[in-house]
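The values are calculated or read from the model by the stated rules, or taken from the named source; none is laboratory data. Quick caveat, the model's predicted, so the values are computed rather than measured. Positions of Cβ are generated from backbone atoms using ideal geometry, with glycine treated the same way; all protein chains shown enter the neighbour counts. With ligands, DNA and RNA removed, areas are computed over all heavy atoms of the protein, side chains included. Shrake-Rupley method; radii C 1.70, N 1.55, O 1.52, S 1.80 Å.
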Amino acid sequence: MSTLLLNIPVTQYMFYFLSFVAFLCAIMVVASKNPIHSILYLIITFFAIAGHYLLLNAQFLAVVHIIVYAGAIMVLFLYVIMMMNLNEDTESHKHIYLKFAAVGSALLLLITLVAALKGAEKLTAAAPLNTNVGLIKNLGTTLFGEYLFPFEVSSILLLAAMVGAIMIGKKDIK
Amino acid sequence: MTGILLQSAIISTPIEWYILLSAALFTIGACGVMFKRNAIIIFASVELMLNAVNLLLVAFSSYHSDASAQVFVFFIMAVAAAEVAVGLAILSMIYRNVKSIDIDVLSKLRH
């Protein structure tokens with residue numbers, strides 16, 4: 001028994017643990033009635049996904065993921081929810097048949113996705129496994145070489161989003 | 001040391017586990033979009049779906065030792081940030097006018 005446990009690498013245990021946390025907290029995001037609890041569970045899910053990025057040698061992406069999602073986007077969500085003063089009492093619920101229909105169609109979607117992606121099992125890791133791919137040097141070379149134009153376009157997108165959010169959020173536009 | 005340790009993560013975990021995990025996360029996000037009536041939680045579910053796709057992109061990028069997929073993840077993060085900023089601005093504006101963010105109340109686009 002102990003030799004069997006020792007044969008499995010520790011990263012496998014970390015994968016199982018992080019997957020379990022991500023899956024459970026993702027379910028709690030949908031299941032919990034209080035919107036603030038939903039967002040807090042979503043933050044835990046994002047941390048678990050950042051742990052997956054670390055396991056997959058995407059160190060820089062893991063840090064950026066925590067900064068952007070847990071640090072910026074989720075704070076924005078929490079701020080808006082608290083500003084609107086939403087809680088369990090204001091939460092309204094759909095009819096029970098609609099809930100069953102939603103869960104049923106989601107399960108059908110899961111079956112379709114798994115069946116469609118089944119052929120990828122034959123895919124194995126590339127022969128010379130490069131563990132430095134997720135480091136900032138490699139990513140920067142790719143981003144500012146091959147993908148320079150999309151990078152500039154995304155900066156325009158962020159600027160447009162910022163201006164748009166300010167214009168929408170203004171109280172009265174005259 | 002860490003290189004050897006982390007290298008075994010890719011070798012010991014087959015890609016189909018990552019496919020299953022991100023398919024499950026994507027499905028939970030889709031379920032949340034159909035299930036909830038609170039517009040902000042629907043936004044959060046969309047974020048969950050985007051993250052499931054990001055996770056699978058990073059997994060494939062590591063298995064192929066190719067940095068392009070991780071650059072795509074960057075762009076998805078930028079688009080998600082822009083989407084959330086504009087979407088939450090719209091929602092707070094709607095809340096100011098209608099005093100509700102229940103999507104069944106908001107189905108008319110005017111009031």
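On the stretch given as the stretch A:15-53, residues that are closer than 18 Å to B:Glu16 by Cβ, more than 7 Å from chain B (Cβ to nearest Cβ) and surrounded by fewer than 19 Cβ atoms within 10 Å (Cβ to Cβ) total 2. Contact annotation: no residue pair with Cβ atoms under 6 Å, 6 or more positions apart or on different chains, pairs a residue in the stretch A:62-84 that is on the phi > 0 side of the Ramachandran plot with a partner that is open to solvent by less than 10 Å² (accessible area, probe 1.4 Å) and not acidic (Asp, Glu). None of B:Tyr63, B:Tyr95 is among the aromatic types (Phe, Trp, Tyr), in contact with a helix residue (DSSP H, G or I) (Cβ under 8 Å, 6 or more places away or on another chain) and within 21 Å of A:Lys171 (Cα to Cα) except B:Tyr95. Going through the stretch B:12-71 one residue at a time, which ones are under 21 Å from A:Ser19 (Cα atoms), of a type in the set (S, T, N, Q) and free of Cβ contacts under 8 Å to residues at least 24 places away in the same chain? B:Ser12, B:Thr13, B:Thr27, B:Ser45, B:Asn54, B:Ser61, B:Gln70, listed by residue number.
Conditions (1) within 7 Å of another protein chain (Cβ to nearest Cβ); (2) open to solvent by less than 20 Å² (accessible area, probe 1.4 Å), marked per residue:
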| residue | (1), (2) |
| --- | --- |
| B:Tyr18 | no, yes |
| B:Gly32 | yes, yes |
| B:Ala44 | yes, yes |
| B:His64 | yes, no |
| B:Val71 | yes, yes |
| B:Met77 | yes, yes |
| B:Ala81 | yes, no |
| B:Ala89 | yes, yes |
| B:Asp104 | no, no |
